[in-house]
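**Q** Okay, handing you the structure first.
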């Protein structure tokens, strides 16, 4: 099996485990075992378990597909900076301390009580601005190699499928309020809303 296929399989395996641990079923069990530290431990595991994927990208045999020349590289770099800014802004709009898992250590969550549904800021334009920012960042990479392309394809599949699974959880948590939000706000691409009921 070639290097890019190993990278792609590693990303998809990572995504599968990450999605399983984020499921409602797993969340409830892990919360029982780890209590208020669950979210923080989940995030630490998510970062640590992605490091082997990055190692594969860097260590396996590879070749460059393209390198964006000057001055066009300035445009892609600005796009990546904008994506990082959007990611940070999105985190701030949803409570970065809660997202990371630190707030739960001092203010334990009430079982069965969902967090506040955020509908303003970047969430006015897309339902998953953090995913959108991540996709923009990875696809504006100025130097693309075969292994990096495999990783980006795997991450894109994982992000899109992960967003779909997350939508089911959010509908379960917020009910009609989230269904209404889905109808008027695109999932990942601003301005692109699928209207199945028209």
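Laboratory data are not the source of any read-out in this text; all were calculated from the coordinates shown. Keep in mind it's a predicted model, so treat the numbers as computed, not measured. Quick reminder, even Gly has a Cβ in these numbers, built from the backbone with ideal geometry, and neighbours come from all protein chains shown.
**Q** Between 0 and 90 degrees, rounded to the nearest ten: what's the tilt of helix 38-59 against the longest Cα principal axis of the chain?
**A** Result, in degrees: 10.
**Q** Take residue 184, project a point 7 Å from its Cα along the Cβ direction, then tell me which residues of segment 87-102 have their backbone nitrogen under 18 Å from it.
**A** Hits in segment 87-102 for residue 184 at 18 Å: none.
**Q** Per DSSP H run of at least 4 residues, take -39500 (n - 2.57); add these up for the chain, divide by its residues and hand me the 222 nm value, nearest 500 deg cm²/dmol.
**A** So the helix-based figure for the chain works out to -22000 deg cm²/dmol.
**Q** Turning to a different aspect of this structure: Helix 3-22 versus the longest principal axis of the chain: what is the Cα-based angle in degrees, 0 to 90, to the nearest 10?
**A** Orientation of helix 3-22: about 10 degrees from the principal axis.
**Q** May I pose another question? Note the direction-averaged projected area, equal to a quarter of the hull surface, for the Cα convex hull of segment 5-135, in nm².
**A** With every direction weighted equally, the projected area is 10.2 nm².
**Q** Hey, another quick one. Against the longest alpha carbon principal axis of the chain, how many degrees, from 0 to 90 and to the nearest 10, is the axis of helix 24-34 turned?
**A** Computed tilt is about 80 degrees.
**Q** Considering the alpha-carbon set of segment 23-72 alone, what are its Rg and its Dmax in angstrom?
**A** Reported Rg and Dmax, both Å: 18.6, 54.
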